[in-house]
Amino acid sequence: MERTDELASAALRIVTRDGLSGVTFRAVATESGWSLGAVQKTFRSKSDMIAATLRYAQSSVSDQVSSEPGRPTLADWLIGLVMATLPLDDERRSACLVGIAFADRAPFDPKIAVTLASWDNELRSRLTLLARRAHEEGELSRAMSADALSRAVLAFAAGLASQLLYDPISEDAAHAVVSATIRALVISPS
């Protein structure tokens, strides 16, 4: 792991524990075991350090979403995707807290806003392609547009993940909610 990634990983741990405001050069140095000078040499500004942290977090999520998309069925794949984003264990809770921390800052930081918007657009594009394929294969009703499905899935996942941070439920209960919701969105044209 290169120094930038080590420092970004340390910053993510800080975000999970203390929020985005806890990310300082000194805190990242302490958390990572690198010297303060090494952190300052790697990042010219706190904004650069936060941007690198966001890129690192997004690359970690991309690795998890790279399986054969839409298989065995679109509904099953979407259920798995949403379940992977819910804060149902320490790792997913950390990822959720990081996502919320950056989303909360985005309206006030144009770099973060652009990065998040680009990330959302890429994810919606992938989901849109899957929905189009599901239309062609007869798995998804043409009444549900590809764009509407992708936006609905992302909005549902973000809202449920946020809610589960302060009102947790079991993984089985979450799976039941996710399954019912996704299956209601992905109604096959019987």
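Observations on the model:
- Being in a loop (DSSP other than H, G, I, E, B), of a type outside the set (Ser, Thr, Tyr), over 19 Å from the mean Cα position of the chain (by Cα) and surrounded by fewer than 17 Cβ atoms within 10 Å (Cβ to Cβ) holds for only one residue in Arg142, Arg133, and it is Arg142.
- Odd one out for Gln58 among (1) open to solvent by less than 40 Å² (accessible area, probe 1.4 Å); (2) closer than 23 Å to Glu171 by Cβ; (3) of a type outside the set (A, V, I, L, M, F, W, C); (4) at pLDDT below 85: (2)
- Long-range neighbours under 9 Å by Cβ, at least six apart or interchain, first residue on the phi > 0 side of the Ramachandran plot and among the hydrophobic types (A, V, I, L, M, F, W, C) within the stretch 10-31, second open to solvent by 50 Å² or more (accessible area, probe 1.4 Å) and in a helix (DSSP H, G or I): none
- Pair list, Cβ < 7 Å and 6+ apart or interchain, from the stretch 139-158 residues that are on the phi > 0 side of the Ramachandran plot to residues that are part of a helix (DSSP H, G or I): none
- Selection status of Asp63, in a helix (DSSP H, G or I), at pLDDT 85 or above and not aliphatic (A, V, I, L, M): no
- Per-region count, the stretch 37-60, residues in contact (Cβ under 8 Å) with a residue 40 or more places away in the chain and either touching a Phe, Trp or Tyr at 6+ places or on another chain (Cβ under 7 Å) or of a type in the set (A, V, I, L, M, F, W, C) (or both): 7
- Hits in the stretch 26-46 (condition: under 19 Å from Lys111 (Cα atoms) and assigned to a helix (DSSP H, G or I)): Thr42, Lys46
The values are calculated or read from the model by the stated rules, or taken from the named source; none is laboratory data. Remember, it's a predicted structure, so these values are computed and weren't measured experimentally. All Cβ positions, even for glycine, are placed from backbone atoms using ideal geometry, and neighbour counts span all protein chains on display. Heavy atoms of the whole protein, side chains included, go into the accessibility calculation; ligands, DNA and RNA do not. Shrake-Rupley method; radii C 1.70, N 1.55, O 1.52, S 1.80 Å.
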